[in-house]
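Student: What follows is a single structure, and I will ask about it in a moment.
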Amino acid sequence: LLRTSRVILNNRVEMPMIGLGTWRSEPREVANAVETALDNGYIHIDCAHEYENEREVGEGLRRSNKGREELFVTSKLWCTHFEPIHAKNQLGRILSDLGLEYVDQLL
């Protein structure tokens, strides 16, 4: 089991310091990578809509043996989506693609 150190964020949320990054993950491989990582002790998954693989990331999340409350999911907004209306729309797409009700961290 992977045991990771955590950092306490300003809002008192504990964030695992080690996570699986999904940037440049190969299509049709990222779901397996996420599932395997979670089933082997990872709990932090780092993704972004701009990586164009969040649907597959979500598939890996659903296939793993971890409950949502056990996970820490980070996603990111592209720099052109920082205005509140754009951020809200982008977050909706992120959540839809991941199949989640929330992300733990949105950068």
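The values are calculated or read from the model by the stated rules, or taken from the named source; none is laboratory data. The structure presented is a predicted model; accordingly, all values stated were derived computationally and were not measured. Note that each Cβ is placed from the backbone with ideal geometry, even for glycine, and that neighbours are counted across all protein chains shown. The protein model used for the area step is the full one, side chains on, heavy atoms only, and it has no ligands, DNA or RNA in it. Shrake-Rupley method; radii C 1.70, N 1.55, O 1.52, S 1.80 Å.
Student: Size of the dipole of the chain about the Cα centre, Lys and Arg at +1 and Asp and Glu at -1 on the beta carbon, nothing else charged, in debye to 20?
Tutor: 220
Student: If you don't mind, another one. Hey, can you grab everything whose amide H is under 5 Å from the amide H of residue 44? Only 5+ residues off in sequence or another chain; H modelled, so Pro and N-termini drop out.
Tutor: Correct list: 20, 72.
Student: May I ask you to give the solvent-accessible area per residue for the range 5-107, in square angstrom, as obtained with a 1.4 angstrom probe?
Tutor: 63
Student: May I ask what percent, to the nearest 5, of DSSP beta bridges between residues of the chain are antiparallel?
Tutor: Of the beta bridges lying entirely in the chain, close to 30 percent run antiparallel.
Student: Using mean projected area of the Cα convex hull in nm² as the read-out, say which of [x] 9.7; [y] 5.9; [z] 6.7 was calculated from these coordinates.
Tutor: Derived directly from the coordinates: [z].
Student: What are the DSSP H helices in the chain that stretch 20 Å or more along their long axis, judged by alpha-carbon atoms, and whose average Kyte-Doolittle hydropathy comes to at least -0.5?
Tutor: Membrane-span-like by this rule: 84-98.
Student: Counting only protein heavy atoms and using a 1.4 Å probe, what share of the accessible area of the range 5-107 belongs to carbon plus sulfur, as a whole percent?
Tutor: Carbon and sulfur: 49 percent of the exposed surface of the range 5-107.
Student: Given the -39500 (n - 2.57) contribution per DSSP H run of 4+ residues, what per-residue ellipticity at 222 nm results for the chain, rounded to the nearest 500 deg cm²/dmol?
Tutor: When only DSSP H runs of four or more count, the value is -10000 deg cm²/dmol.
Student: Taking the Cα centroid of the range 67-95 and of the range 1-50, what is the distance between the two, rounded to the nearest whole Å?
Tutor: Each part reduced to its Cα centre gives a spacing of 16 Å.
Student: How far apart, in nanometres, would the label points at residue 79 and residue 40 be if each is projected 7 angstrom from Cα along the Cα-to-Cβ direction?
Tutor: 3.5
Student: Another one. Tell me, in nm to one decimal, what length is gained between residue 17 and residue 70 on full extension, where the rule is 0.36 nm per residue of separation less the Cα-Cα distance?
Tutor: 17.6 nm
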